[in-house]
Amino acid sequence: MYTKDTQIRIRYGETDQMGYVYYGRYAEFYEIGRTELIRASGLTYRDLEERGIMMPVTRLEIKYIRPIGYDELITIRTSLKKMPTAKITFHYQILNEKGEIANEASCDLVFTNSETRRPVRPPKELLETLEPYFT
């Protein structure tokens, strides 16, 4: 398993009238987590796009466990539990300041050729970086 933790502080504009993170914001947190996980593997989304690879989301499943409030420092824990093929599945846990799980999710994306919109294999560099974590 390959895991990357990323911390962010909740801003006022990310909360609802009750002072909790608005439910629609969580997808943005997942994007931050997967962007940083890919960056930690030695690539960036920009690198992928320059190679003609796009990664559309095909599935997102979310479980809300406990609320997160304004100004909390949260940890976005992003994991890969399997080596990617044309599909890559990210697993997320969002931890509150106490280290408690506040939210869990998983998300599928597909490596896609930006011109043909057809699935493609992940870049060799990504697979080589991830391989030690899955052997």
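Brief remarks follow.
- Pick from segment 63-86, criterion aliphatic (A, V, I, L, M), surrounded by 18 or more Cβ atoms within 10 Å (Cβ to Cβ) and in contact with a Phe, Trp or Tyr (Cβ under 6 Å, 6 or more places away or on another chain), ranking: nearest to LEU127 (Cα to Cα): LEU80
- Qualifying residue in segment 12-33 (condition: surrounded by fewer than 18 Cβ atoms within 10 Å (Cβ to Cβ), farther than 18 Å from ILE94 by Cβ and within 17 Å of the chain's Cα centre (by Cα)): no
- Of residues in segment 22-41 being closer than 17 Å to PHE111 by Cα and not charged (D, E, K, R), the one modelled with the lowest pLDDT: SER41
- Residue check for ALA105: crowded, with 19+ Cβ neighbours inside 10 Å and touching a Leu at 6+ places or on another chain (Cβ under 8 Å): yes
- One residue stands out among those in segment 1-21 that are free of Cβ contacts under 8 Å to residues at least 60 places away in the same chain and aliphatic (A, V, I, L, M): the one that is farthest from CYS107 (Cα to Cα), which is MET18.
The values are calculated or read from the model by the stated rules, or taken from the named source; none is laboratory data. No experiment lies behind these values; they were computed from the predicted model shown. With ideal geometry, Cβ positions are generated from the backbone for all residues, glycine too; neighbour counts draw on all protein chains shown.
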